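J.: Questions regarding the structure given below will be posed in turn.
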Amino acid sequence: MFVLVYGSPTKEFTVERGLWKSDPLSLFLFVLVTEGLTVLVKKAIKIGEYEGFLISDKCMVDILQFADDTLLIGEGNWKQIWAIKTVLKAFEMVFGLGINYHKSKLIGININNNLLVAASSLLSFKVEGKEFMFLGILV
């Protein structure tokens, strides 16, 4: 790597350490990477493979992100489940980052339990009950 100082590159140097969790740049890097996930979700919507949840005529929710929590929201059907799997795999391949499937959860509201169990197996997510913690709040 090198750094530009007043438009001129410095001598090259080797990067030996990554960012620490407490490093102020790590938050910015996280925002950039999660923006990439949002772009993948929006692309899946654009090509008709994924659809968010319609709250009203003017409001559809498909992805919510806060800090290091991400919610993908959609209808409970196989097309949506495959789209989520595809988006997450694409994210891993493009950014070289892995999804922590041990922490990932599938929450079904008004969904057939057999579909929920099969989907959790396909996605390698745990099934979470209808009441769950999000951002430290019981929802």
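The values are calculated or read from the model by the stated rules, or taken from the named source; none is laboratory data. As the structure is a prediction and not an experimental result, all values here were calculated from the model. Glycine gets a Cβ as well: all are built from the backbone with ideal geometry, and neighbour counts include every protein chain shown. SASA here: full protein model, heavy atoms, side chains in, ligands and nucleic acids out. Shrake-Rupley method; radii C 1.70, N 1.55, O 1.52, S 1.80 Å.
J.: For a paramagnetic label modelled at 7 Å from the Cα of S26 toward its Cβ, which residues of the stretch 81-99 fall within the zone defined by backbone nitrogen distances under 20 Å?
T.: 95-99
J.: Express the accessible area of the chain per residue in Å², computed with a 1.4 Å probe while the remaining protein chains stay in the model.
T.: That works out to 76 Å² per residue.
J.: Further, regarding this structure: Could you list which residues have their amide H under 5 Å from that of I73, counting only those 5 or more apart in sequence or on another chain, with H placed in the peptide plane?
T.: For I73, whose amide H was placed from the backbone, the distant partners under 5 Å are I63, L64.
J.: Once semi-axes √(5λ) of the Cα gyration tensor in Å is worked out from the coordinates, which option in [x] 35, 17, 15; [y] 24, 17, 13; [z] 32, 16, 13 does it equal?
T.: Computing semi-axes √(5λ) of the Cα gyration tensor in Å and matching it to [x] 35, 17, 15; [y] 24, 17, 13; [z] 32, 16, 13 gives [x].
J.: Counting only protein heavy atoms, what percent of the accessible surface of the chain is carbon or sulfur at a 1.4 Å probe?
T.: 62 percent
J.: Assign unit charges at the C-beta atoms only (+1 for Lys and Arg, -1 for Asp and Glu), then state the dipole size of the chain relative to its Cα centre in Debye, rounded to the nearest 20.
T.: Once rounded to the nearest 20, the dipole reads 200 debye.
J.: Using the Karplus equation 6.51 cos²θ - 1.76 cosθ + 1.60 (θ = phi - 60°), what ³J(HN,Hα) coupling, rounded to whole Hz, does each residue of the stretch 46-61 give in order, writing x for Gly and Pro?
T.: Ordered by residue, 3J(HN,Hα) equals 4, 8, x, 8, 9, 9, x, 9, 7, 7, 8, 4, 10, 9, 10, 10 Hz.
J.: Return the calculated 222 nm mean residue ellipticity for the chain, to the nearest 500 deg cm²/dmol, obtained by summing -39500 (n - 2.57) across DSSP H runs with n ≥ 4 and dividing by the residue count.
T.: After summing the helix terms and dividing by residue count, I get -12500 deg cm²/dmol.
J.: Can I ask one more? Which loop-located GluC sites (Glu not before Pro) does the stretch 1-52 contain, where loop means any DSSP state but H, G, I, E or B and the Cβ has at most 14 other Cβ atoms within 10 Å?
T.: Passing sites in the stretch 1-52 are E12, E16.
J.: For the pair M133 and F2, how long in nm is the line joining their label points, each one 7 Å along Cα→Cβ?
T.: Going from the M133 label point to the F2 one covers 5.0 nm.
J.: Run the simple label-point estimate for S124 and L19 please: 7 Å along Cα→C-beta, distance reported in nm.
T.: Result for the modelled spin labels: 2.5 nm.
J.: Using +1 at the Cβ of each Lys and Arg and -1 at the Cβ of each Asp and Glu in the chain, identify which of A118, W20, I55 lies farthest towards the dipole's positive end.
T.: Result: A118, furthest along the dipole toward the positive end.
J.: Among the lysines, select those whose C-alpha is under 26 Å from the C-alpha of K42, and discard any that sit fewer than 8 residues away in the same chain.
T.: K58, K79, K85, K89, K103, K105, K126
J.: Of Q65, M93, L32, which is farthest along the charge dipole of the stretch 30-120 in the positive direction, counting Lys and Arg as +1 and Asp and Glu as -1 at C-beta?
T.: M93
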